[in-house]
Amino acid sequence: MTEPDVFVVGGGPAGLAAAIAARLKGLSVVVADGNSPPIDKACGEGLMPDARLAAARLGIEIPPALGFEFPGVRFHGAGKSVAARFPRGCGIGVRRTALHAAMIVAAERAGVELRWGAPAGNFDEIRARWILGADGSSSRVRAWAGLDRYRHNTRRFACRQHYAIAPWTDCMEIYWGEGCQIYVTPVGADEVCVALISRDRELSVEAALSRLFPVLDERVRGAPVCSRPRGAVTATARLENVARGNVALIGDASGSVDAITGEGLCLAFKQAALLADAMAGGDLTAYARAHPRLAMRPNVMAKLMTTLDRGTRLRQFGMSAMSSVPWIFERLLAVHVG
């Protein structure tokens with residue numbers, strides 16, 4: 001396949017989702033990535049029910065056996081805890097490498113041509129009807145297409161570590177501290193993912209546990225570490241435009257929401273469906289117009305949630321209110337998952 005309908009630069013989850021969605025519309029697709037699979041990335045590794053539904057609509061199945069299903073979310077902070085169940089369905093914790101491998105299978109089944117260890121090189125030489133940039137937050141396609149202009153861009157820092165320990169709860173847990181949060185996501189019967197999000201780029205998972213989260217530190221202390229520490233930048237970024245001519249951006253290349261929302265992959269799956277519709281219709285305008293609306297709810301929820309790390313009094317007030325009146329947290333979680 002030398003001149004496909006769609007050429008996707010980047011073979012991570014966003015690129016694979018876009019490729020699969022395009023194949024569902026009957027378009028021929030090539031995906032090129034300089035890395036070899038499976039591709040790992042620092043993240044909380046939890047998919048909410050809305051993300052699983054968006055993936056299923058693309059034919060991407062994430063079976064329960066691939067990870068660990070969780071029926072709800074629990075917050076810990078200011079000496080209090082509050083939990084709520086999802087209004088329908090379950091989330092799933094799954095190692096990023098396992099998810100990527102499952103998506104590769106789905107892409108191959110759909111008839112996508114995958115070129116691993118093959119960076120795109122000179123974009124001017126790509127011969128395809130549509131060129132998609134799915135090459136992450138530092139997207140070269142975005143810069144090449146002249147789309148690298150932000151309306152809003154804030155950054156925090158994330159790092160991730162896995163521990164070989166049986167989950168002590170059936171929920172995804174979020175622990176709130178001063179200027180940071182820690183996610184704990186069960187990803188297997190004997191493994192949890194601990195992910196830190198902080199404004200301090202030097203703060204590690206181990207340091208945060210010992211200094212700020214003694215209860216959680218006691219739980220995982222002595223458990224074998226079963227992955228290498230991995231870091232990333234998590235950004236809230238909105239571009240002025242995500243499409244120009246025959247070029248479109250998707251996933252983190254097209255802007256992003258703070259990782260506290262856990263909605264990055266869900267957004268990519270939804271973007272993929274919209275983008276495929278636009279390419280099939282021969283016009284990217286509809287995709288460019290709809291793209292900002294997809295991130296509105298996650299951005300609002302991110303602003304609400306991050307107030308809990310901006311001061312002890314705010315955290316005490318918020319946690320006290322939610323633990324005293326549990327339906328507040330139930331409603332917030334229901335809105336969060338759409």
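The values are calculated or read from the model by the stated rules, or taken from the named source; none is laboratory data. Everything numeric here is computed off the predicted structure, so don't read it as measured data. Cβ sites come from the backbone with ideal geometry, for glycine too, and all protein chains shown count toward neighbours.
Only one of the listed residues (Gly146, Gly117, Gly136) is out of contact with any helix residue (DSSP H, G or I) (no Cβ under 9 Å at 6 or more places or on another chain) and closer than 23 Å to Ser256 by Cα. That residue is Gly146.
When you look at Thr154, is it polar (S, T, N, Q) and surrounded by fewer than 18 Cβ atoms within 10 Å (Cβ to Cβ), yes or no? It is true that Thr154 is polar (S, T, N, Q) and surrounded by fewer than 18 Cβ atoms within 10 Å (Cβ to Cβ). For segment 177-215, the set of residues classified as among the charged types (D, E, K, R) and either more than 19 Å from Thr261 (Cα to Cα) or over 20 Å from the mean Cα position of the chain (by Cα) (or both) consists of Glu178, Asp190, Glu191, Asp200, Arg201, Glu202, Glu206, Arg211, listed by residue number.
Listed conditions (1) hydroxyl-bearing (Ser, Thr, Tyr); (2) over 22 Å from the mean Cα position of the chain (by Cα); (3) crowded, with 23+ Cβ neighbours inside 10 Å are all met by Thr169, apart from (3). Those strands (runs of 3 or more DSSP E) of segment 1-99 in which at least 3 residues are within 30 Å of Leu212 (Cα to Cα), considering only elements entirely within it, cover 68-70, 72-77, 80-85, 91-93. For Phe213, the conditions (1) without any contact (Cβ under 8 Å) to a residue 40 or more places away in the chain; (2) exposed (fewer than 15 other Cβ atoms within 10 Å of the Cβ); (3) within 26 Å of Arg199 (Cβ to Cβ) all hold with the exception of (2). The conditions of being surrounded by 15 or more Cβ atoms within 10 Å (Cβ to Cβ), assigned to a loop (DSSP other than H, G, I, E, B) and not aromatic (Phe, Trp, Tyr) are not met by Ala195. Candidates are the residues of segment 179-192 that are in contact with a Ser or Thr (Cβ under 7 Å, 6 or more places away or on another chain) and within 26 Å of Thr312 (Cβ to Cβ); the one that is surrounded by the most Cβ atoms within 10 Å (Cβ to Cβ) is Cys180.
Taking the numbered list (1) touching a Phe, Trp or Tyr at 6+ places or on another chain (Cβ under 8 Å); (2) farther than 19 Å from Glu263 by Cβ; (3) modelled with pLDDT of 95 or more; (4) aliphatic (A, V, I, L, M) in turn, Val82 passes all entries but (3). Thr234 meets all of the listed conditions (1) within 21 Å of Gly10 (Cβ to Cβ); (2) among the polar types (S, T, N, Q); (3) assigned to a helix (DSSP H, G or I) but one, namely (3). Of the residues making up segment 200-216, those that are part of a helix (DSSP H, G or I) and under 25 Å from Val94 (Cβ atoms) are Val205, Glu206, Ala208, Leu209, Leu216. Only one of the listed residues (Ala232, Ala268) is within 27 Å of Arg52 (Cβ to Cβ), hydrophobic (A, V, I, L, M, F, W, C) and at pLDDT 90 or above. That residue is Ala268.
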